[in-house]
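Below is one structure; the comments refer to it alone.
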Amino acid sequence: MADPVVFIESLCYGGAGFGRVDGKACFVPFTAPGDRARIRVVKDKRSFLEGELAELVEPSALRVAPACPVFGECGGCDWQFLSYPEQLLQKGSIFADTLARIGKIAREKVLPVAASPEPYGYRSRVQVKVSVRAGAVQLGFFRTGSHNVVDFGAGCPLANPRLNRMAAEFRALIPRLPQFELIHQVDLAIGDQGEGIAIVHSRGGAGGRLVERLAQERSQLPSVAGAFLRSGQKGDLTKAFGIEALSYRVPADLLPGSKELTLRFGRGGFSQVNHPQNLELIRTACEWAGLTGKERVLDLYCGNGNISLPLALRAAEVLGIEGYAPSIADAVANAEANGIENAVFQVSDAAQAVRRLVKRKEKFDTVVLDPPRGGAEAAAEIAALAPGKIIYVSCDPATLARDLATLCSNGYQVTRSRPVDMFPQTYHLESVTELVIA
């Protein structure tokens, strides 16, 4: 067919604009509501089309100039062409629609999106892709739908400036490293005080020599407080120099009557990428839990104790479950360092742990869960624990809606849900949802 012109009606989860071609649903990345766009059809399925933007015939009045010169080529973000207030409106609408369509959750239960204090420069972690082209090192992110690196030049506008300085130092250093052409990624992370750790990923080869050279060249990486090498696809981390963990503060004034906590996460461990919005997640989860000091709490997928330990300040007892052993080591260390004695942590698959707890007829007043993108395997089993309240932290609206439907069919009802914009300029977001026994 000739390249059709599509009127973009709305945005979808996944970032693409939605329109219709001869009545057939059509999804087009990098388009905005109100655009009239000439598109090139790249997939023609039975019930929908996927297209790519060929020409903006009539741009939407919602469009703004992107901050990044490689926006649209780089696959790192989706919505820089929209003002931040418009992004929040779109995210809130998509989130509420998803919960209503899949989970049958009334739209009035969804609160407005909690905005990020900074729409740019907010990321405290990035995975920088590395390639060598014509002898020159390219640092950036993959082009959408490919493994070709788009060089981000002076840095990514979404990244904290300290991360961009670290990336610039590696750009200068990498060509001097042994077998540098095998280096394909550098993970960069900072704590909330600005200290940084880097993990260099190599496909193999000069492992020992590369670690030795990184140590020798430490002065060329002034923004990097700790560096590690991962050689091979699943290789262990080998320390080159410096610190092994980063930390962030949970301030005392986040919740009434609380105290300040300092929480560490080890190199390679998980932490949220937007520190102020992580505090918003913690604040909302703890406030909605409504603890009085008498409750027994179960925290599934607890990580380094990010939510467990603030909850422990208000609970009688907290049990944290996490499948990644290094994160549990961090959680135990965090409890000890902050003088918290009523939190116990276990390494276990969360679904298996819940089934064991149900079998033993253990009781919890509140269950908190923060699963990965695939959602909670054991949603029905969590209901079998019969807690009075469930606080569900999610990074994926579709799997959240699926799990809420399961929980609601097992005796629970959603009382409120708050989207939290952890990832400005992208379609991604986090959320906190409260359920109580119906």
Selection count, the stretch 130-145, where residues are under 15 Å from Gln185 (Cα atoms) and either in contact (Cβ under 8 Å) with a residue 60 or more places away in the chain or under 24 Å from the mean Cα position of the chain (by Cα) (or both): 6
Every pair of residues 6+ apart whose Cβ atoms lie under 7 Å, when the first sits in the stretch 260-272 and is without any contact (Cβ under 8 Å) to a residue 40 or more places away in the chain while the second is open to solvent by less than 50 Å² (accessible area, probe 1.4 Å): Glu260/Val250; Glu260/Pro251; Glu260/Ala252
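Before we move on, is Leu82 under 30 Å from Thr433 (Cα atoms) and in contact with a Lys or Arg (Cβ under 9 Å, 6 or more places away or on another chain)?
On the way: under 30 Å from Thr433 (Cα atoms): yes; in contact with a Lys or Arg (Cβ under 9 Å, 6 or more places away or on another chain): yes.
Yes, satisfied.
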Qualifying positions in the stretch 36-61 - assigned to a strand (DSSP E or B), out of contact with any strand residue (DSSP E or B) (no Cβ under 6 Å at 6 or more places or on another chain) and open to solvent by less than 50 Å² (accessible area, probe 1.4 Å): none
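Scanning the stretch 181-209 for residues that are in a helix (DSSP H, G or I) and under 16 Å from Ala240 (Cα atoms), which turns out least open to solvent (accessible area, probe 1.4 Å)? Show your work before the answer.
Kept after step one, since they are in a helix (DSSP H, G or I), are these residues of the stretch 181-209: 181-182, 207-209.
So of that shortlist, the ones also under 16 Å from Ala240 (Cα atoms) come out as 207-209.
Working: Gly207: 17, Gly208: 57, Arg209: 140 Å².
Looking at residues that are in a helix (DSSP H, G or I) and under 16 Å from Ala240 (Cα atoms), I get Gly207.
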Wholly within the stretch 230-286, strands (runs of 3 or more DSSP E) carrying at least 3 residues that are within 17 Å of Asn334 (Cβ to Cβ) and either under 20 Å from the mean Cα position of the chain (by Cα) or not hydrophobic (A, V, I, L, M, F, W, C) (or both): 245-250, 261-266
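Taking only the stretch 125-154 into account, find how many residues are part of a loop (DSSP other than H, G, I, E, B) and either modelled with pLDDT of 95 or more or in contact with a strand residue (DSSP E or B) (Cβ under 6 Å, 6 or more places away or on another chain) (or both). Lay out the reasoning, then the answer.
First pass over the stretch 125-154, keeping only residues part of a loop (DSSP other than H, G, I, E, B): 134-135, 144-148, 152-154.
Adding the requirement that they be either modelled with pLDDT of 95 or more or in contact with a strand residue (DSSP E or B) (Cβ under 6 Å, 6 or more places away or on another chain) (or both) leaves 152.
Residues that pass the stated criteria total 1.
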Single unsatisfied condition, Glu287 versus (1) on the phi < 0 side of the Ramachandran plot; (2) open to solvent by less than 10 Å² (accessible area, probe 1.4 Å); (3) out of contact with any Pro (no Cβ under 7 Å at 6 or more places or on another chain); (4) of a type outside the set (Ser, Thr, Tyr): (2)
Selected residue (only one of Pro85, Pro66, Pro33, Pro29 is open to solvent by 40 Å² or more (accessible area, probe 1.4 Å), under 25 Å from Phe423 (Cα atoms) and touching a residue at least 40 places away in the same chain (Cβ under 8 Å)): Pro29
Verdict on Glu287 being modelled with pLDDT of 95 or more, out of contact with any strand residue (DSSP E or B) (no Cβ under 6 Å at 6 or more places or on another chain) and within 30 Å of Val368 (Cβ to Cβ): yes
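If you take the residues of the stretch 113-144 that are open to solvent by 40 Å² or more (accessible area, probe 1.4 Å) and touching a Pro at 6+ places or on another chain (Cβ under 8 Å), which of them is nearest to Gln425 (Cα to Cα)? Show your work before the answer.
We begin by selecting, within the stretch 113-144, every residue open to solvent by 40 Å² or more (accessible area, probe 1.4 Å); these are 115, 117-118, 120, 123, 125, 127, 132-136, 142-144.
With touching a Pro at 6+ places or on another chain (Cβ under 8 Å) added as a condition, the list becomes 117-118, 120, 144.
Working: Pro117: 13, Glu118: 11, Tyr120: 8, Thr144: 15 Å.
Checked the stretch 113-144; the qualifying residue nearest to Gln425 (Cα to Cα) is Tyr120.
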Number of the condition not met by Thr433 [criteria: (1) open to solvent by 30 Å² or more (accessible area, probe 1.4 Å); (2) free of Cβ contacts under 8 Å to residues at least 60 places away in the same chain; (3) part of a strand (DSSP E or B)]: (1)
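The values are calculated or read from the model by the stated rules, or taken from the named source; none is laboratory data. All values derive from a computational prediction rather than experimental measurement. Every residue, glycine as well, gets a Cβ built from its backbone with ideal geometry; the counts of neighbours run over all protein chains shown. Quick note on the areas: whole protein, heavy atoms, side chains included, nothing else; ligands and nucleic acids left out. Shrake-Rupley method; radii C 1.70, N 1.55, O 1.52, S 1.80 Å.
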